[in-house]
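Here the structure is laid out as structure tokens; the discussion comes afterwards.
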Amino acid sequence: MARPRKPLLSRARIVAAALALIDAEGLTALSTRRLAAELGVSGPSLYNHFPTKDALLDAVADTVIAQVDVTAFADGDWQSGLLGWARSYRAALAAHPHIVPFLAQGPGRRPAGLKMADAAFGGLVDAGWPPAQATRVCAMVRYFVAGSALGSFARGFVDDPGAYDPDAYPHLGQAHLLAEHQRRVDEGAFEAGLLALVDGLALHHPQVGRDVR
């Protein structure tokens, strides 16, 4: 019988393996040697597809951002657009939190990142926001989403009630329960903050849009 052929090495396969490695072990785990071992190939073969580690990271980051849905801006309602964009943006980043520090550097020349920025900025300008203010709004949403996706507030508390001496921390008697309800706490905090952000922005918009909660 003929020996099975190794799967063809491609950019998509390399990016998928790199993202899986980053998801599992963090950004520092990614190296040419480690990735080549994961793929069962020699290190130099990776350079035929990505000349540098940063080029590979750009492709990985853009794969994550390509998952963000910006179609909510299409109906011309900036509030609906911001809510839909921010929720999808957070979901994409929260699924891959280890890549967030790299993404926080900005889109650079990455196509998916630039398309996302163009859709959000364009949606705001088309809805009447002056360009300078639209830029600040986009930055504000990016800061808020990245911060929310990067870590968990609830997981910052241990599940040991003995850690919260009522004499020292009289208001933290229930803090040990936060980790147990991590998803509800963190997602609830994000949603409350997002709605407050959009409501606040509506007060400064020349033509206040309808409530789309």
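Do the conditions hold for TYR143, that is, is it of a type in the set (Phe, Trp, Tyr) and more than 22 Å from the chain's Cα centre (by Cα)? Considered against the rule, which asks whether it is of a type in the set (Phe, Trp, Tyr) and more than 22 Å from the chain's Cα centre (by Cα), TYR143 comes out as no. Using beta carbons and a limit of 7 Å, which pairs, at least six apart or on different chains, have the first residue in the range 176-188 and within 13 Å of GLY151 (Cα to Cα) and the second one among the polar types (S, T, N, Q) and open to solvent by less than 40 Å² (accessible area, probe 1.4 Å)? Matching pairs, first to second residue: GLN182/SER152; ASP186/SER152. For the range 118-133, a residue qualifies if it is touching a residue at least 12 places away in the same chain (Cβ under 8 Å) and in contact with a helix residue (DSSP H, G or I) (Cβ under 7 Å, 6 or more places away or on another chain), and the qualifying residues are ALA119, ALA120, PHE121, GLY123, LEU124, ALA127, TRP129.
Within the range 172-187, identify whether any single residue is aliphatic (A, V, I, L, M) and under 21 Å from SER80 (Cα atoms), and answer yes or no. If you could, list the steps in order and put the result at the bottom.
First pass over the range 172-187, keeping only residues aliphatic (A, V, I, L, M): 172, 175, 177-179, 185.
Going one step further and asking which of them are under 21 Å from SER80 (Cα atoms), we end up with none.
Taking every residue of the range 172-187 in turn, none turns out to be aliphatic (A, V, I, L, M) and under 21 Å from SER80 (Cα atoms).
Looking at TYR89, TYR47 in this structure, which one is modelled with pLDDT of 95 or more and of a type in the set (Ser, Thr, Tyr)? Let's see the steps before the verdict.
On the way: TYR47 fails: modelled with pLDDT of 95 or more.
Within the list TYR89, TYR47, the selection yields TYR89.
For the range 20-65, the set of residues classified as among the aromatic types (Phe, Trp, Tyr) and open to solvent by 50 Å² or more (accessible area, probe 1.4 Å) consists of TYR47 only.
Just to be sure, is VAL68 of a type in the set (Val, Ile, Thr), open to solvent by less than 50 Å² (accessible area, probe 1.4 Å), part of a loop (DSSP other than H, G, I, E, B) and at pLDDT below 95? Break it down into steps so the answer makes sense when it comes.
On the way: of a type in the set (Val, Ile, Thr): yes; open to solvent by less than 50 Å² (accessible area, probe 1.4 Å): yes; part of a loop (DSSP other than H, G, I, E, B): yes; at pLDDT below 95: no.
In short, no.
Across the range 71-105, the qualifying residues are those that are open to solvent by less than 10 Å² (accessible area, probe 1.4 Å) and small (Gly, Ala, Ser), and the one among them that is nearest to GLU25 (Cα to Cα) is ALA92.
The values are calculated or read from the model by the stated rules, or taken from the named source; none is laboratory data. It should be emphasised that the depicted structure is a prediction, and the values quoted were computed from it without experimental measurement. When we count neighbours, we look across all protein chains shown, and the Cβ atoms used for this are built from the backbone with ideal geometry, even at glycine. Only protein heavy atoms, including side chains, enter the accessible area calculation; ligands, DNA and RNA are left aside. Shrake-Rupley method; radii C 1.70, N 1.55, O 1.52, S 1.80 Å.
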